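Visitor: Here it is, the structure, as C-alpha cells.
The values are calculated or read from the model by the stated rules, or taken from the named source; none is laboratory data. Keep in mind the model is a prediction, meaning the values are calculated, not measured. Here the Cβ positions follow ideal geometry from the backbone for every residue, glycine too, while neighbour counts run over all protein chains shown. These accessible areas exclude ligands, DNA and RNA; they are computed on the full protein's heavy atoms, side chains included. Shrake-Rupley method; radii C 1.70, N 1.55, O 1.52, S 1.80 Å.
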Amino acid sequence: MNKEQDKLGEPDLFGDNIVVSVDMEPSRPLSISPEDIITVPMRDTVIFPMLPVPIKISRESSIKAIQDAQAKGQGLFLVCQKDASTERPVKKEELYSTGVITHIVKFLKTPDGVYTLFTMPVSAAKVDKVIATDPYLRLSAKPLPKWDFVPKAKKAEWELAGRMVIEQYLHLISYIDPERSETIKFGLEQQENLSHKLRYIIANSPLDVTELQMILDNGNALKRVQQLLTFIDTHSQEMELRAAIAEKSQVELTHQQKIDFLQRQIKTMQDEIASVSEDDDIQQLRKKSELKSWSKEAESHFNKELAKLGRLNPQSPDYSLQYSYLDTFLNLPWGEYSKDEINLSKVSQTLNKDHYGLKEVKERILEQMAVFKLRGDMKAPILCLYGPPGVGKTSLGKSIAESIGREYARVSLGGLNDEAEIRGHRRTYIGAMPGRIIKAIEKAGKGNPVIVLDEIDKIGSSHKGDPSMAMLEVLDPEQNDKFHDNYLDFDYDLSKVMFIATANNLSTLPAPLLDRMEIINISGYTTEEKIEIARRHLIPKGLAEHGLADSLLTFNRNALEYIIERYTRENGVRQLEKKIGKILRKVALKKAKAEPFPVKINKESVSDYLGKEEITPDVYENNDCPGVVTGLAWTSVGGDILFIESSISDGKGDKLTLTGNLGNVMKESATLAMQYIKSNAGKLCIDKELLENKDVHIHVPEGAIPKDGPSAGITMVTSLVSTFTGMKVREKTAMTGEITLRGKVLPVGGIKEKMLAAKRAGITDIVLSQANQKDIDEIEKEYLKGMSFHYVNNIEEVIAFALPSLHSQSESHQINN
C-alpha cells in the first residue's frame, strides 16, 4: 500500500481546484450517533463545519470504514492526526481534540484507482474516547452545537473582524499568486453571506495544519475570527518582507553585475601589467635569498614558499600576504652575527661612563662578561635587573651592548596580555605578524643582539593566553635554540641572543619564569650618588635639550642636595631630572626674551624656580616623653623613619587598640610585643597590676599612609616597655627588626635604604639584628660616617641599650633578690 495521505483535493491557493460553493446535500438521509461513530483519521487536513471539500482516500482501513458507513446509512467523524507519519492511529492521544461530524455525499473511485470522498460537515465535535480500533477506528464524540453561534451583543464586532479578514486576505493573495487573485476574488464575491465568505477563505488560505487546528479548537466564534485575522495578517507581513528582500536583491544583483563587468575589464588590463611585476617580485626575492648564509632547511622552506607565491594571482589578497611573509623571512639575520669584542676594561669604562654608582651591579655584569669571554658563547642565566623605577635598569642594557660591540633592541612587555605578541600570529589571520622577539631581531639586523625585556613583571594574562608562559621558551638556554614563532612557522635560533630583563616587583612573576633568571637587585641611589649623576649626566643632557648648551649654566652642590631632599622622594633620578628640566625651562624663557638670566643656580634661588618645598624632610624628634620610639621603614621610593607611640589608660587590661593604617603583619607584631611583655614583666621591671588594670593604645603617625611589615617589632616592644616603666628612650636612636614570641630578634630587609634615611634624619645610633651585620658591611663606609650600629640577638639586649636606666634598675633588682 502506498502512503499517500488522506487529504483535501488541493482546495487551497496552490492547487488547481478552488472551492466556490458550500451547497451540497447528501444523496440519502443519514443516521448519526455520536456515541459510537465511524472515524476516519486525516493526514495534514483539517475539516471545518459547513465547508464541503473533496478528500482523497488511500488507506485500506479508511476505505473500509467509509464503505461500511455508506452501506449502513451512517455519518462519519473526521479528525486530523497529530503525526502524519503514523500509518494507523488508534489512540486518543494520537489525534487532535476537535474534529467534525459529516454526512457522506458521494464516495467514488476514479478510473485511475483513486478513491474520493465528498462530504457535508455538519457539526464540530470533541473527541471523547475510543470505542473500537478493528477493523477501523470508532470513537465517542461530543458535538459542539453552539460552535458557530454569535451572540447579538458581539454581532457587530464579529462582522467588523470578518470584513478585516477579507481585506487582509485579498492583500495576501496579491503577493502569493497575483495571476489568480482575480479568480479567487470573484469566487469570494459569489458567497451569499459573511459566514460563507469566511469558510471560503479558510478553504483557500495558506495556513498550515497547526494554525487551522487552533482555529477549529476555538469554541468562541468571535475569538475564532480574530485568531484567523491574526494568522492571515502574520502571513501578509511575511510575504511583504519577502517581496521587499527579493526586490532589493534584484537591484543589488544588477548593480553587482555592472561591477563584475568593470572589474573583469580592469583585471584584464592589470594582468598585462602584473605579469611583468610578478616576475620582478619573485626575481628580487630570489636574488636576496642567494646572499643569505642559512641552513639547508631554511633555504628549502623559503623556496617552497616562493613557489607558492608564483602560483598566486598578483591581484589576490593572498599574494600580498605571502609576499610580506617572504620579505620578513628574508629580512631576518640568518647566520649573521656581530663579532664580540669583550674587553673587560672597555666594558667597565663604558658602564662607569654611563652610570654612576651601582658598584655591585657593575661587578656582576663584569663577571658575566668574563664568563662569556672564556666560554665563547652566550648560554648563561638570563640577567634580571630588579629595583625601583628610574635607577637605570633599561639604560644598563644599552651600555652593555655598546661595550661588547653588539646591536641593541628593546622589547616593552608592560601591559602585554596576548600570547601571540610573543609567539606571533598564525598566517591564517588577516594582519598576522611575527612576535615581538622576532621583530626585535629583525630590527637589530644581527642574530646575537642584546635585547632588553623591559617591565617583564607587568605582563598580564587574558582569554588570549598567558605571555609569561610563552617567555619560558624564550629565556631557557636549553631550548631557545629552536624557538618556534607561529608566523614564521619555522624554528629560529635565539641561543646567541643576550637577554636582560627589568622588573620593579618580583612578586608578580610566575615561579617558573623567575627560576630561569638571575636576579640582580638595584636598590637605588644615595643623595651623594644622585648629586654626581645630576652633575655628570642630567644637567649636561638638560642643557642640550633646552638650547642652553653654550650658556655655561651650573648648579651649586648645595642646590642639588636641596632639590633632592625637598622636592623629590624617589630611589631613582627621574623626578630629579624633571625638576632640573623645570629650572632650565624658566632660564631658557629668560634667555629667549633677552632678559638677564643666572649662570649659577644656588640653594637660595631654587625656590624661585620650583616654588615651595614639596617634601617634608625626615627629622628626628626628641623623645620628650616615654613611649615614643623611632623606627626605620622601607618604601618604594627609598628608606624612611617612622615614630611608634604608645599610651596606657584605665581599663581591664585586655584591650589593645592599634591605629595609624596598619597592615595585618604589623598588627601581629603589636600583638606579639604585648604578649612578650606580659610573659616577661618581672624581667622588665613592670608592675603586673598595671598590665591587669590598664588598656594599651599603639599609634603610628601619618595615618593616611598604609604601613605594614614585621620590621617594627622591636620598636613596638621598646615603646611599650618605655610606657609601662615611665622611662624615656635613649636620644637619637632608631631601630628595626622582627621579634618572635620567645624574644629573639630576626633580620629584616631594605637595610641600605633605612640607614640612609636614618642618616638624613640625624640619627646616630642604630639597633638591628646581628644577622643584618653583613648588609651593613656591604654599604660604602663614607655613607655611614657619624653612625654607630648596635647588633642584638634578643629583646633584652635591645632594652639594655635603648633604656639604659631601666637596665641598671633591673640589674640591681636581680642582685637584691
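Visitor: Ordering Lys362, Lys439, Lys106 by accessible area with a probe of 1.4 Å, largest first, what comes out?
Guide: Sorted by accessible area, descending: Lys106, Lys439, Lys362.
Visitor: In addition: Would you mind telling me the share, in percent, of accessible area of region 43-183 contributed by carbon and sulfur at probe 1.4 angstrom?
Guide: Looking at region 43-183 in its full context, I get 54 percent from C and S.
Visitor: Which option, [x] 1.29; [y] 1.12; [z] 1.06, is the value of Rg/Rh (Cα atoms, Kirkwood Rh) that was calculated from these coordinates?
Guide: Label of the calculated value: [x].
Visitor: Taking the Kirkwood radius as the inverse of the mean 1/r across Cα pairs, report the Rg/Rh of region 498-556.
Guide: With Rg and the Kirkwood Rh in hand, the quotient comes to 1.22.
Visitor: How about Lys82: which lysines have a C-alpha closer than 17 Å to its C-alpha, ignoring those fewer than 8 places off in the same chain?
Guide: Reachable lysines: Lys3, Lys7, Lys91, Lys92, Lys126, Lys129.
Visitor: Under the rule that an exposed site lies in a DSSP loop and has at most 15 other Cβ atoms within 10 Å, name the longest stretch of the chain with no chymotrypsin sites (Phe, Trp or Tyr not before Pro) of that kind, not counting the sites themselves.
Guide: 430-817
Visitor: Same structure again: Give me, ordered by chain and number, the residues 5 or more places off Asn417 or on other chains with an amide H under 5 Å from its own placed amide H.
Guide: Placed amide hydrogens put Gly460 under 5 Å from Asn417.
Visitor: Please compute the length gained on full extension between Thr394 and Cys625, using 0.36 nm multiplied by the number of residues separating them and subtracting their Cα-Cα distance.
Guide: Taking 0.36 nm per residue and subtracting the Cα distance, the gain is 78.3 nm.
Visitor: Just need the relative contact order of the chain here, percent rounded to a whole number, with Cα pairs under 8 Å and 6+ apart.
Guide: Once normalised by length, the contact order is 7 percent.
Visitor: Long-range amide H contacts for Gly639: which residues qualify at under 5 Å (H placed 1.01 Å from N, peptide plane, sequence gap of 5 or more or a different chain)?
Guide: Amide H neighbours of Gly639, under 5 Å, 5+ apart: Ala757.
Visitor: Hey, another quick one. Can you return the aspartates and glutamates within cross-link range of Lys707? Criterion is Cα-Cα under 16 Å, with same-chain partners fewer than 8 residues away left out.
Guide: Lys707 reaches Asp640, Glu645, Glu668, Glu738.
Visitor: At 222 nm, what helix-only mean residue ellipticity would the chain give, in deg cm²/dmol to the nearest 500, using -39500 (n - 2.57) for each DSSP H run of four or more?
Guide: -13500 deg cm²/dmol
Visitor: Roll a 1.4 Å probe over the protein chains and send me the accessible area per residue for the chain in Å².
Guide: Values: 40870 Å² over 817 residues.
That works out to 50 Å² for each residue.
Visitor: Tell me, what is the FRET efficiency for Lys446 and Asn558 to the nearest 0.05, using R0 = 51 angstrom and their Cβ-Cβ distance as r? Present the calculation step by step, with values, prior to reporting the outcome.
Guide: Details: r = 47 Å, r/R0 = 0.93.
Working from the Cβ atoms, E equals 0.60.
Visitor: Let me ask something else about it. How much length is gained if the chain between Leu241 and Asn664 is pulled fully straight, taking 0.36 nm per residue apart and subtracting their Cα-Cα distance, in nm to one decimal?
Guide: 145.5 nm
Visitor: Shifting gears a bit: Would you work out the relative contact order for region 120-250, in percent, from Cα pairs under 8 angstrom that are 6 or more residues apart?
Guide: 27 percent
Visitor: Given 0.36 nm per residue, what is the gain on full extension from Lys152 to Glu35 after removing their alpha carbon distance, in nm? Spell out each step's value before the answer.
Guide: Working: separation 117, 0.36 × 117 = 42.12 nm, distance 3.20 nm.
Between Lys152 and Glu35, full extension yields an extra 38.9 nm.
Visitor: Can you return the aspartates and glutamates within cross-link range of Lys591? Criterion is Cα-Cα under 12 Å, with same-chain partners fewer than 8 residues away left out.
Guide: Cα-Cα hits under 12 Å: Asp550.
Visitor: So what J values fall out for region 645-658 if you push phi through Karplus, 6.51 cos²θ - 1.76 cosθ + 1.60 with θ = phi - 60°, rounded to Hz, Gly and Pro as x?
Guide: Running phi through 6.51 cos²θ - 1.76 cosθ + 1.60 with θ = phi - 60° gives 10, 9, 8, 10, 9, 4, x, 9, x, 10, 10, 10, 9, 10 Hz.
Visitor: OK, next. Could you compute how fast region 339-419 diffuses translationally, taking Rh as the Kirkwood radius over C-alpha pairs and applying Stokes-Einstein at 20 °C with viscosity 1.002 mPa s? Give it in µm² per second.
Guide: The calculation lands on 155 µm²/s.
Visitor: Nearest 0.05, what FRET efficiency do Lys339 and Lys678 give at R0 = 51 Å with Cβ-Cβ as r?
Guide: Approximately 0.10, to the nearest 0.05.
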